[in-house]
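Right, one structure below, let's go through it.
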Amino acid sequence: MFCPGIDESARDLDLERTELKYVLRRAVFIMAIATLAGGCDADEPSTVFEWAVNIGGPNYTGADGTRYVAEEFVSGGEVGVLDEILGSQDPQLYTSFREGDIRVDRPIANGIYDVTFHFAEPAEIGGGERLFDIIVNGKRVLHDLDVMVSRDGKIRSALTVAIPNIEVTNEHLRIEFAPTAREPILSALVVRGKSTEPDKWRLVWGDEFDRDGRPDPNRWNMEEWPARVVNDEDQAYTSRPENARVENGLLIIEARREDFEGARYTSARLQSQGKGDFLYGRFEVRAKLPRGMGTWPAIWMLPSNPFTYATTCSDDPDWQGSADCDAWPNSGEMDIMEHVGYQMGHVHGTVHTKAYYWAVWKQRKGRIIVDDVDEAFHDYVLEWSPERIDVYVDDTLYFTYMNEGSGWESWPFDHPFHLILNVAVGGMWGRSGGGIDDGVFPQQMLVDYVRVYEQIP
């Protein structure tokens, strides 16, 4: 890791101040459950409750170590079988499923839990042909889920959806599925108690955005691009204060509806290449997201040397917009957070590699439902080691990608990456839900802080 261009005395003071904030914020209530009754010896390591069930299938251990039990506490519907599952490191988990009036009723200690659902559309159907709601302990947590559409418009492709902070007050977890069109489906289910591990991270880089004006040039580069360079995005990226500035302890990235150098929209894209480049660590960004049709904010990482695993291009500064260069996806991409305004509250974490990316329909990704992304600040977090990548919102883990040990095509994440913060407008994904609503602009992504940690040995 290195962070050139930063005054060391100021940097140390910033890190000390930030570390104190981190410790205070992390001093939260820890719920650890050793048994269903929730008790444990204070002198023994706490055990976090976890129940994972393979619907209609046998015991199974996932690539990330999660132990799924053969079906229990699940009833209703009919068991079906699938093969040729795409988009998962655990294809066996999706080879069995239930379809129909599915019910889950599991005795469980009162507390707060994260619930993760696994699906794969088994039928040759189109968008809107299978829609259903999910109700947990009487609360509708997901409305009109379309598994096929949600998973890149493909059948037999694994979809993971996490619902955080489910409260249990009557010692039962009850899950129901209500159909809108056709019958609901379910492949697997994971329920985890809330926990905070002892601190294992040391702050090494960050920005608290406590100085008004332009974003700190010692930490951030401002991209300047015309429209349609990447992903057919509709905005021009500028370095103007209208699009990126620091005010009152917040970084403001503002997307605007205005004509600018041939574009109909403007926004900003900040990146830390050459000023914050990292090999492994914990990356934490606290942010509040924009809303509205056509917005596409992202917090993500690209390789600091994008040509590490490129085979068809040279050191071309325009590699991101070139159809003749395979620097992407060969050298990798890690998405800490993506959100499209036509699907408010659906937050995505994704990795891109040569073996697994959207063009070959094998993309590895997860999704979590967060109802207030545009109203409240949340921590968007990625933890990266030589063995795995974990993606969180706040303290909820919702996506894991394991190093398969099969070479750079599936794991190019062995060289330094840098951070990127941006708000795109439109583009292939941002427009796909119905275009751009000009009436919502201007829209802002507000960033409270960016913090990077290294693991304490």
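For each pair in 288/354; 154/354; 194/275; 194/365; 139/194, compute the distance between the two Cα atoms and list the pairs where it is over 27 Å. The partial results should precede the final answer.
On the way: 288/354 32 Å; 154/354 19 Å; 194/275 35 Å; 194/365 22 Å; 139/194 19 Å.
With Cα atoms farther than 27 Å apart: 288/354; 194/275.
Quote the Stokes-Einstein diffusion coefficient, in whole µm² s⁻¹, for the stretch 50-193, based on the Kirkwood radius over alpha carbon pairs, a temperature of 37 °C and a viscosity of 0.692 mPa s.
218 µm²/s
Work out from phi, with θ = phi - 60° and the Karplus expression 6.51 cos²θ - 1.76 cosθ + 1.60, the ³J(HN,Hα) of each residue of the stretch 447-457, listed in order in whole Hz, and give x for Gly and Pro.
10, 7, 7, 10, 9, 10, 10, 10, 6, 7, x
Can you give the FRET efficiency to the nearest 0.05 for residue 320 and residue 432, using r as the Cβ-Cβ distance and R₀ = 22 Å?
0.65
May I ask you to sort 135, 108 by Cβ crowding, counting other Cβ atoms within 10 Å and putting the fewest first?
Ordered from fewest to most neighbouring Cβ atoms within 10 Å, 135, 108 come out as 135, 108.
Could you calculate the contour length gain from residue 404 to residue 69, that is, 0.36 nm times the residue separation minus the distance between their Cα atoms, to one decimal place in nm?
Details: separation 335, 0.36 × 335 = 120.60 nm, distance 2.32 nm.
Length gained, residue 404 through residue 69: 118.3 nm.
For 374, 315, 437, what's the fewest-to-most ordering of other Cβ within 10 Å of each Cβ?
Ranked by crowding around the Cβ, least crowded first: 315, 437, 374.
What is the set of long-range amide H partners of residue 52 at a cut-off below 5 Å, with H atoms built 1.01 Å from backbone N?
69, 191
Want the number for residue 211 to residue 167: 0.36 nm per residue separation, take away the alpha-carbon distance, what's left?
11.9 nm
Residue-wise, which Karplus ³J(HN,Hα) couplings in Hz belong to the stretch 124-133, taking 6.51 cos²θ - 1.76 cosθ + 1.60, θ = phi - 60°, and x for glycine or proline?
For the stretch 124-133, the Karplus-derived couplings read 7, 10, x, x, x, 7, 10, 9, 7, 9 Hz, x marking Gly and Pro.
What are the ³J(HN,Hα) couplings of the stretch 281-296, residue after residue, when phi is run through the Karplus curve with 6.51, -1.76, 1.60 and θ = phi - 60°? Round to Hz, x for glycine and proline.
x, 10, 10, 10, 10, 9, 8, 10, 9, x, 9, x, 4, x, 7, 8
What does the charge dipole of the chain about its Cα centre add up to, to the nearest 20 debye, if the Cβ of each Lys and Arg holds +1 and the Cβ of each Asp and Glu holds -1?
Working: 44 positive and 77 negative charges, 75 e Å.
About 360 debye.
Amide H to amide H, which residues 5 or more places from residue 425 or on other chains are under 5 Å from it, using H placed in the peptide plane?
For residue 425, whose amide H was placed from the backbone, the distant partners under 5 Å are 234, 235.
What list do you get for 101, 390 if you sort them by fewest beta carbons within 10 Å? If you can, show how the numbers build up before the last one.
Details: 101 15, 390 19.
Sorted ascending by nearby Cβ count, the order is 101, 390.
Each reported figure results from applying straightforward, stated rules to the coordinates on display, with no laboratory input. For clarity, every value in this text was computed on a predicted model and none was experimentally measured. No Cβ is skipped: glycine too gets one built from the backbone with ideal geometry, and neighbour counts run over all protein chains shown.
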